[in-house]
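Chemist: Following this message is one structure expressed as structure tokens.
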């Protein structure tokens, strides 16, 4: 008869060593992530503002979360945030891939010169990017000067001054800043594709498009997954670019969840509702990007 | 003298010196929070003359000023928190209700300061529950700035009421320019609306104190705002105060509704093309009467200041006649000290001052209520809707009135 194995931790054997080594990190993560998260969630269940303390009379339960789903501005913010995120990621991927492929095809001297230049926007703070583009979108700015050369004006593309194009304008600004990141990552992915695959494709008589769609794109799947996750989390919490560029207007057409949460906390002094908005944003992020990521990892482990 | 005697005398002298050092009043390091901008640069120059304590100015852009002050109020005393705060008058009620500011009455009494030197309408905005929480300063209001040369060329006169203002804007729009105004979704648009509303004797509340944003004065103010946006230079829907003032200064717009705090830049030859031709007019309502939404700043002492007396002394000095006159002369700031607004030396430097004072004299302060902040946030969006869509102002205001049905305007 087999004896049941007993789980014993022995200091002598060094069983506790991994735990001890991880303890400082765990403590830091717990105190700077878990504690504030729990505190924030607690705040969302009470009616708390600056100068108002948590008390039993201020307990609201899940009222702030219920209020969120009946709040037209909040729902508009959800729509804008998701639209911004999808538009931004799609553009980043398409433009980034095209540029990366282009930079690999041009002569080495040209690509070595262009690559550092195109990465410059990545080094600029998003707030500065927003403020810079505010001048670009100004009727006296460079955009309308260029449009003027082809006979177009502010009436044709009102930019940040119209509810119909304000969000798109912020997405374009995001593309300008984040596409270089995609170029760098996709370039690394492209260089990792074995040359033999292209050689085989050439022997089989595959054209450029067939090669791109049958070899390049499938080989870049892992790279795209990483970009999708990083950009997804980054764009769903977008604040700085929109805040600097439009402030959420006109007519709330570009308001994001983060901007709405900020205004509730610091303009309305409603910390609780602001926290509820932030937690809902977190839940949306998890639903859109977290679950696919977990599924992707599980599938990978299954394959492994 | 013997060597021993010399040594004893030397030791005694050193002891006396050391004792005197010990008794000397140590300087307090005061951290002061102000709104960043040209006025803050000037404040730093003026503060350099304050020798009593060590002052460090932390100037922060408007959007981040209140969040940073609120965070500082929550901090423990002496943990790098603000001692003196420059507070927007609109935030005073919230700050005093939360107990973030120190009542200054005892300090004022013992220092013998005559608070009667300050404009009553502004000083009232510093008093809550009978206690004085600060010194008013840096009053601001929206005024009309125009290029008299452009007006003369078109044979136009300065607008004296809202309808004339719309007519002038329309005239220039037809000529290819238009009026400049801060119509970006934000509080600047609310200030225009409020000033037009107050100018015609309107208010957010009816005679019975009931909230009413659908009054005929309110609809009129919203309609004028809508028309002004229609006859504005392109791009105003993305402009705040700075861009508006710049457009007027750089002759991109022959007329504009600008914040008085930025009017001094019109006389700066490095920044302005209208130094010799700029003139000012009140932003009047239908009747020609002009009233401001009284907006000003307050020098106040944080409750968690490490040395409240030192903090008070500094706040009182900064808001006192000497420092205020220096700032007014240097930067044409509108002081809350009555006598300064009649000072000929100041009037020569700030030609817009009579217009500002006329509006401030008729002005009102927005109700300092938490519920009003909620309404104001909604009004910001409603005015943006009026400016950017074909929606009728009366309908938008009716919708706004309906959305405020559940708001308790007594809190």
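The values are calculated or read from the model by the stated rules, or taken from the named source; none is laboratory data. As the structure is a prediction and not an experimental result, all values here were calculated from the model. Positions of Cβ are generated from backbone atoms using ideal geometry, with glycine treated the same way; all protein chains shown enter the neighbour counts.
Chemist: Does the range B:76-98 hold any residues that are modelled with pLDDT of 85 or more and farther than 17 Å from residue B:369 by Cβ, and which are they?
Modeler: Within the range B:76-98, B:81, B:82, B:83, B:84, B:85, B:86 qualify.
Yes/no per residue for (1) within 14 Å of chain B (Cβ to nearest Cβ); (2) in a helix (DSSP H, G or I); (3) free of Cβ contacts under 8 Å to residues at least 24 places away in the same chain; (4) surrounded by 23 or more Cβ atoms within 10 Å (Cβ to Cβ):
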position: A:178; (1), (2), (3), (4): no, yes, no, yes
position: A:181; (1), (2), (3), (4): no, yes, no, no
position: A:205; (1), (2), (3), (4): no, no, yes, no
position: A:250; (1), (2), (3), (4): yes, no, no, yes
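Chemist: Of everything in the range A:156-171 that's crowded, with 20+ Cβ neighbours inside 10 Å and part of a helix (DSSP H, G or I), which residue is farthest from the other protein chains (Cβ to nearest Cβ)?
Modeler: Checking each candidate, the answer is A:171.
Chemist: Counting only residues that are facing chain B (nearest Cβ under 9 Å) and at negative phi, how many does the range A:232-248 have?
Modeler: So in the range A:232-248, the residues facing chain B (nearest Cβ under 9 Å) come out as A:243, A:245-248.
Narrowing further to those that are at negative phi: A:243, A:245-246.
So the answer is 3.
Chemist: Does the range B:114-122 include one or more residues that are farther than 30 Å from residue B:227 by Cβ, touching a strand residue (DSSP E or B) at 6+ places or on another chain (Cβ under 8 Å), in a strand (DSSP E or B) and away from every other protein chain (no Cβ under 14 Å)?
Modeler: So far as the range B:114-122 goes, yes, one or more of its residues are farther than 30 Å from residue B:227 by Cβ, touching a strand residue (DSSP E or B) at 6+ places or on another chain (Cβ under 8 Å), in a strand (DSSP E or B) and away from every other protein chain (no Cβ under 14 Å).
Chemist: Of the residues A:267, A:301, which single one is free of Cβ contacts under 8 Å to residues at least 12 places away in the same chain and in contact with a helix residue (DSSP H, G or I) (Cβ under 7 Å, 6 or more places away or on another chain)? Walk me through it before giving the result.
Modeler: Working: A:301 fails: in contact with a helix residue (DSSP H, G or I) (Cβ under 7 Å, 6 or more places away or on another chain).
After ruling out the rest, the residue left standing is A:267.
Chemist: Just one of A:254, A:274 is touching a helix residue (DSSP H, G or I) at 6+ places or on another chain (Cβ under 8 Å) and either away from chain B (no Cβ under 14 Å) or outside any helix (DSSP H, G or I) (or both); which is it?
Modeler: A:254
Chemist: Can you tell me which of B:263, B:245 is assigned to a helix (DSSP H, G or I), more than 14 Å from chain A (Cβ to nearest Cβ), under 21 Å from the mean Cα position of the chain (by Cα) and under 30 Å from residue A:254 (Cα atoms)?
Modeler: Working: B:263 fails: under 30 Å from residue A:254 (Cα atoms).
After applying the criteria, what remains is B:245.
Chemist: For the range B:224-242, what are the residues that are part of a helix (DSSP H, G or I), within 11 Å of another protein chain (Cβ to nearest Cβ) and crowded, with 20+ Cβ neighbours inside 10 Å?
Modeler: Filtering the range B:224-242 down to residues part of a helix (DSSP H, G or I) leaves B:224-230, B:236-238, B:241-242.
Those left that are additionally within 11 Å of another protein chain (Cβ to nearest Cβ): B:229, B:236-238, B:242.
Hits for the range B:224-242 are B:229, B:236, B:237, B:238.
Chemist: Further question: Select from the range A:69-95 the residues that are in a helix (DSSP H, G or I) and over 19 Å from residue A:288 (Cα atoms) and write down the one among them that is farthest from the other protein chains (Cβ to nearest Cβ).
Modeler: Kept after step one, since they are in a helix (DSSP H, G or I), are these residues of the range A:69-95: A:69-70, A:72-95.
Filter once more, so that each one left must be over 19 Å from residue A:288 (Cα atoms): A:70, A:72-73, A:94-95.
Values: A:70: 12, A:72: 9, A:73: 8, A:94: 28, A:95: 25 Å.
Only one residue tops the list, namely A:94.
Chemist: While we're looking at this one, here's another question. Does at least one position in the range B:61-81 carry a residue that is in a strand (DSSP E or B) and within 14 Å of chain A (Cβ to nearest Cβ)?
Modeler: No.
Chemist: Of the residues B:408, B:343, B:331, which is under 30 Å from residue B:70 (Cα atoms) and away from chain A (no Cβ under 14 Å)?
Modeler: Of the residues listed, the single one that is under 30 Å from residue B:70 (Cα atoms) and away from chain A (no Cβ under 14 Å) is B:331.
Chemist: Just for the range B:171-187: of the residues that are out of contact with any strand residue (DSSP E or B) (no Cβ under 8 Å at 6 or more places or on another chain) and touching a residue at least 12 places away in the same chain (Cβ under 8 Å), which one is nearest to residue B:260 (Cα to Cα)?
Modeler: Selected residue: B:187.
Chemist: Okay, next question. Go through the range B:346-382 and count every residue that is within 14 Å of chain A (Cβ to nearest Cβ) and part of a helix (DSSP H, G or I).
Modeler: Residues meeting the conditions: 13.
Chemist: How many of the residues in the range B:175-223 are assigned to a loop (DSSP other than H, G, I, E, B) and under 17 Å from residue B:247 (Cβ atoms)? Break it down stepwise before answering.
Modeler: Residues of the range B:175-223 that are assigned to a loop (DSSP other than H, G, I, E, B), as a first pass: B:175-178, B:181-186, B:200-204, B:206-210, B:212-215.
Adding the requirement that they be under 17 Å from residue B:247 (Cβ atoms) leaves B:175-178, B:181-184, B:186.
So the answer is 9.
Chemist: Name the one entry in A:213, A:279 that is without any contact (Cβ under 8 Å) to a residue 12 or more places away in the chain and farther than 26 Å from residue A:136 by Cβ.
Modeler: Being without any contact (Cβ under 8 Å) to a residue 12 or more places away in the chain and farther than 26 Å from residue A:136 by Cβ holds for just one of A:213, A:279, which is A:213.
Chemist: Another question about this same structure. Can you pull out every residue in the range A:113-153 that is away from every other protein chain (no Cβ under 14 Å), over 28 Å from the mean Cα position of the chain (by Cα) and part of a helix (DSSP H, G or I)?
Modeler: The answer is A:113, A:146, A:149.
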